[in-house]
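Asks: Dropping a structure here in structure tokens format, bear with me for questions.
The values are calculated or read from the model by the stated rules, or taken from the named source; none is laboratory data. The model shown is predicted, which means the values in this text are computed figures rather than measured ones. Here Cβ is always computed from backbone atoms with ideal geometry, including for glycine, and neighbour counts include all displayed protein chains. The protein model used for the area step is the full one, side chains on, heavy atoms only, and it has no ligands, DNA or RNA in it. Shrake-Rupley method; radii C 1.70, N 1.55, O 1.52, S 1.80 Å.
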Amino acid sequence: MSERIFEEELERESVFRDASKLSPDYVPEVLVHRDEEFRKLTQIFKPVIESQASQRVLITGSTGVGKTVLARRFGAVLEATAKGRKLDIRYLHVNCRKDKTPYSVLAKIYQYLNPRWPYHGLGPEKLLDTAVTYLGAHDAYLVLTLDELDYFVQLNGPDLVYSLTRAAEETGGPNRISIVAIARDKSFLRALDAATQSTFMHNVLPLDCYTAPQLADILRQRVGEAFKTGAVEEETVELIADIASRWGDARLALELLWRAGTIADGEGKDVVMPEHARQAKAEVYPEVKREVLRDLQLHEKLVLLAAARRLRVSKRAYAMTGDIEKSYRVVCEEYGEEPFAHTQFWDHLKRLDGLGLVDLQPSGPGHRGHSLKVSIQEAPAEWIEREVEKLLERGK
Ligand SMILES: Nc1ncnc2c1ncn2[C@@H]1O[C@H](COP(=O)(O)OP(=O)(O)O)[C@@H](O)[C@H]1O
Ligand SMILES: [Mg+2]
């Protein structure tokens with residue numbers, strides 16, 4: 001019995017080819033829409049390659065704009081390039097939210113340089129000294145990323161950054177430690193001394209939030225790696241990109257894509273559809289509050305119901321306003337209500353947009369007149385439909 005279930009599960013088809021390609025830790029070979037930033041980093045680190053100088057840079061930006069992945073990708077390319085030139089440059093990425101004390105960061109560096117060294121019982125200064133001596137003895141250079149450094153400095157103060165930037169001074173040799181700092185913004189620099197502050201201020205690389213088309217490109221690249229051919233509808237990608245573009249957040253976009261795939265698998269479907277994305281969104285950010293639905297006026301509810309039904313039935317990401325107006329008339333008939341004229345219908349739709357229950361967008365070329373595209377992003381259309389129907393029943 002259980003053997004059969006086991007076999008069945010093993011045999012079961014999945015939309016995924018390799019779901020691990022969607023994990024937040026995966027570093028893709030190619031970063032989409034970050035060429036300029038990658039180039040800027042290269043320019044900043046040119047002296048490290050050419051004259052073995054040390055550098056400092058601060059990468060800033062909100063969650064999911066690709067700070068971590070940019071630093072990691074750059075580190076990998078930098079190491080490889082250096083190797084090609086017979087230079088020993090080593091890239092170490094430390095997440096200061098995980099290694100959240102100065103001691104554990106220093107132990108990380110120490111162990112990275114030589115995994116066989118026992119570090120227990122050594123004080124922080126000794127750890128750093130030994131690391132610096134090691135770099136000198138091997139004619140090696142360290143490029144150290146301190147990811148989420150703002151969080152760390154808030155917790156521990158500026159001492160670690162101070163000692164890392166000054167580590168070479170006593171040896172009298174070149175500074176062999178370059179630092180890539182990553183933070184949400186540059187305000188945490190104020191906690192550092194003026195000299196350290198200014199070295200970072202020199203090289204600040206702000207990453208902007210991604211736009212919807214950029215997120216769609218990032219998703220498309222990952223769809224190719226993570227899903228079987230044809231397993232994700234193009235409109236699913238567009239809808240997810242639209243949803244995540246409110247925050248410009250690629251992490252959210254990839255998480256929604258992964259969840260949508262998991263939901264499709266759960267339903268035994270072989271294609272990930274827009275409705276799966278809406279369900280994924282509801283799991284991640286259940287933002288449609290029942291109170292908001294309850295407080296809608298009667299005809300706002302009817303318009304919303306029309307939109308939800310249209311989207312559920314059509315299985316599309318978007319519906320044209322003209323089609324929703326038709327559905328609205330049908331819905332009115334069903335509930336024995338006289339439909340409002342065109343202009344009021346529009347007012348209702350705009351109010352729903354204002355409340356974030358639907359999303360109105362220009363329909364683009366190919367559509368005449370004032371027609372707009374309508375989508376529902378906050379929750380599954382099916383869920384909204386059910387909730388509104390309940391409210392309408394109760395109101396009768
Ligand atoms: N330009 C990009 N191209 C491909 N994937 C990206 C890009 N930017 C971000 N990602 C992906 O989005 C997710 C979030 O990026 P991450 O670097 O962790 O953001 P941050 O560190 O700014 O919060 C990761 O899975 C990352 O691989
Ligand atoms: Mg990060």
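Asks: Give all pairs with beta carbons closer than 8 Å in which a residue from segment 251-279 that is in the same structural domain as residue 379 (by TED's automatic domain parsing) meets a residue that is open to solvent by 10 Å² or more (accessible area, probe 1.4 Å) and of a type in the set (Val, Ile, Thr); count only pairs at least 6 apart in sequence or on separate chains.
Replies: Final answer for the pair search is none.
Asks: Given the conditions (1) modelled with pLDDT under 90; (2) in contact with a strand residue (DSSP E or B) (Cβ under 6 Å, 6 or more places away or on another chain); (3) open to solvent by less than 30 Å² (accessible area, probe 1.4 Å), which single one is not true for residue 380?
Replies: Of the numbered conditions (1) modelled with pLDDT under 90; (2) in contact with a strand residue (DSSP E or B) (Cβ under 6 Å, 6 or more places away or on another chain); (3) open to solvent by less than 30 Å² (accessible area, probe 1.4 Å), the odd one out for residue 380 is (2).
Asks: Next question. Residue 59 versus (1) of a type in the set (A, V, I, L, M, F, W, C); (2) within 11 Å of ligand 1 (Cβ to nearest atom); (3) open to solvent by 40 Å² or more (accessible area, probe 1.4 Å): which is the lone unmet condition?
Replies: If we test residue 59 against (1) of a type in the set (A, V, I, L, M, F, W, C); (2) within 11 Å of ligand 1 (Cβ to nearest atom); (3) open to solvent by 40 Å² or more (accessible area, probe 1.4 Å), just (3) comes out false.
Asks: Out of the residues in segment 1-19 that are open to solvent by less than 90 Å² (accessible area, probe 1.4 Å) and in contact (Cβ under 8 Å) with a residue 60 or more places away in the chain, which is farthest from the chain's Cα centre (by Cα)?
Replies: For segment 1-19, the residue satisfying everything is 14.
Asks: Just one of (1) over 25 Å from residue 177 (Cβ atoms); (2) surrounded by 13 or more Cβ atoms within 10 Å (Cβ to Cβ); (3) among the small types (Gly, Ala, Ser); (4) more than 16 Å from ligand 2 (Cβ to nearest atom) trips up residue 54, so point out which.
Replies: Result: residue 54 fails condition (1) only.
Quick grid of which residues meet (1) open to solvent by less than 50 Å² (accessible area, probe 1.4 Å); (2) closer than 25 Å to residue 385 by Cα; (3) of a type in the set (Gly, Ala, Ser); (4) in a helix (DSSP H, G or I):
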residue	(1), (2), (3), (4)
210	yes, no, no, no
220	no, no, no, yes
238	no, yes, no, yes
241	yes, yes, yes, yes
264	yes, yes, yes, yes
268	no, yes, yes, no
305	yes, yes, no, yes
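Asks: Right, another one. Can you pull out the residues in segment 323-365 that are closer than 21 Å to residue 313 by Cβ, open to solvent by 50 Å² or more (accessible area, probe 1.4 Å) and of a type in the set (A, V, I, L, M)?
Replies: Residue satisfying the conditions is 330 alone.
Asks: Output the qualifying pairs, or none if there are none: Cβ atoms under 6 angstrom, residues six or more apart or on different chains, first residue in segment 147-158 and touching a residue at least 60 places away in the same chain (Cβ under 8 Å), second residue open to solvent by less than 20 Å² (accessible area, probe 1.4 Å) and within 15 Å of ligand 1 (Cβ to nearest atom).
Replies: 147/182
Asks: Which number in (1) in a loop (DSSP other than H, G, I, E, B); (2) within 16 Å of ligand 2 (Cβ to nearest atom); (3) of a type in the set (D, E, K, R) marks the one condition that residue 116 misses?
Replies: (2)
Asks: Would you check which residues across segment 153-174 are over 15 Å from residue 56 (Cα atoms), open to solvent by less than 70 Å² (accessible area, probe 1.4 Å) and aliphatic (A, V, I, L, M) and list them?
Replies: Within segment 153-174, just 153 meets the criteria.
Asks: If you don't mind, another one. I'm trying to understand the selection: among the residues of segment 63-107, which are under 23 Å from residue 120 (Cβ atoms), within 13 Å of ligand 1 (Cβ to nearest atom) and not in a loop (DSSP other than H, G, I, E, B)?
Replies: Hit for segment 63-107 is 95, nothing else.
Asks: Quickly run through segment 128-152 and pick out the residues that are of a type in the set (Gly, Ala, Ser) and surrounded by 22 or more Cβ atoms within 10 Å (Cβ to Cβ).
Replies: Scanning segment 128-152 gives a single hit, 131.
Asks: From the list 243, 177, which one is within 23 Å of residue 379 (Cα to Cα) and either of a type in the set (A, V, I, L, M, F, W, C) or in the same structural domain as residue 47 (by TED's automatic domain parsing) (or both)?
Replies: Within the list 243, 177, the selection yields 243.
Asks: Also: Restricting to segment 140-178, what's the tally of residues that are over 33 Å from the mean Cα position of the chain (by Cα) and assigned to a strand (DSSP E or B)?
Replies: So the count comes out to 1.
Asks: Taking into account only those residues within segment 108-121 that are out of contact with any strand residue (DSSP E or B) (no Cβ under 7 Å at 6 or more places or on another chain) and open to solvent by 50 Å² or more (accessible area, probe 1.4 Å), which is farthest from ligand 1 (Cβ to nearest atom)?
Replies: Among them, the one singled out is 121.
Asks: While we're on this one: For segment 134-151, which positions are more than 16 Å from ligand 1 (Cβ to nearest atom) and among the aromatic types (Phe, Trp, Tyr)?
Replies: 134, 141
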